[in-house]
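Chemist: Sharing a structure, written as structure tokens. Questions coming.
The values are calculated or read from the model by the stated rules, or taken from the named source; none is laboratory data. Note that this is a predicted model, so its numbers are computed, not measured. Ideal geometry is used to build each Cβ from the backbone, glycine not excepted, and the neighbour counts take in all protein chains shown. We work out accessible area using only protein heavy atoms, side chains counted, and drop any ligands, DNA or RNA first. Shrake-Rupley method; radii C 1.70, N 1.55, O 1.52, S 1.80 Å.
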Amino acid sequence: APDSAVDVAYGAGRRQVRLLRGEAFFEVKSDAARPFRVAASGVDVTVLGTAFNVRLAGQGVEVAVQRGLVQVDEATVRPPIAERLRPGEWVRVGKNGPLERGAIPPEEVAPWLHGQIVARDRPMADVVDELRRYYAGLIVVADGTLAGRRVTGVYNLSDPAAALRAIVAAHGGSVRRVSPWLLVAF
């Protein structure tokens, strides 16, 4: 996804990717002799053959499975996290270990691949953080109360300014374009 970075290390007996920033979608061909692993901020995801998304978010690491099966581990927290995910399941591992688990339709995994943000009862601040990666300038939410409002909807990433206006307007707010590179929501 935009504003993302990975470090790739493939060898004779391993396929390792480290997500340094942002979000990445992986379609992995099964190879038992060379397991595929993704590391993201202390969270390890191991797969044999699957399609899944990993996202570094402000609150931690999110993993969602479109097809197949993945193992999500975080050994540095107490108790250690070891979760097996099937299609449509997701987990969010917080920075200090709290775990959230949920389910979505598998076709909604990695909606950014289809130019969309799909939000289901998420804080507006989180949705706007995601939207920022698709806007060439700066987006500021000047009202803390507005930023905490819950958002549900599907938003088009090809026009981030229009998506922001739709998100904010649903809660009675406004968006002002201060310059071609600055949007302020209030």
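Chemist: Given (1) in a helix (DSSP H, G or I); (2) within 16 Å of residue 117 (Cα to Cα), identify the lone condition not met by residue 153.
Modeler: Of everything listed in (1) in a helix (DSSP H, G or I); (2) within 16 Å of residue 117 (Cα to Cα), residue 153 misses just condition (1).
Chemist: While we're on this one: List, please: which pairs have Cβ atoms under 8 Å, are six or more places apart or on different chains, and start with a residue in region 142-166 that is modelled with pLDDT of 95 or more and end with one that is among the aromatic types (Phe, Trp, Tyr) and open to solvent by less than 30 Å² (accessible area, probe 1.4 Å)?
Modeler: 163/155; 166/155
Chemist: Then there is this: Hand me the list of strands (runs of 3 or more DSSP E) wholly inside region 74-139 holding 3 or more residues that are open to solvent by less than 50 Å² (accessible area, probe 1.4 Å).
Modeler: Working: elements: 81-85, 89-94, 99-103, 116-123.
Filter on region 74-139 gives 81-85, 89-94, 116-123.
Chemist: Against the definition (touching an Asp or Glu at 6+ places or on another chain (Cβ under 7 Å) and polar (S, T, N, Q)), how does residue 4 come out, yes or no? Break it down into steps so the answer makes sense when it comes.
Modeler: On the way: touching an Asp or Glu at 6+ places or on another chain (Cβ under 7 Å): yes; polar (S, T, N, Q): yes.
Yes; evaluated as a whole, the condition is true for this residue.
Chemist: Looking at region 1-72, what strands (runs of 3 or more DSSP E) fall wholly within it and have at least 3 residues that are open to solvent by less than 40 Å² (accessible area, probe 1.4 Å) and either closer than 20 Å to residue 104 by Cα or among the charged types (D, E, K, R) (or both)?
Modeler: On the way: elements: 5-11, 14-21, 23-28, 36-40, 43-47, 50-57, 60-67.
It comes to 23-28, 50-57, 60-67.
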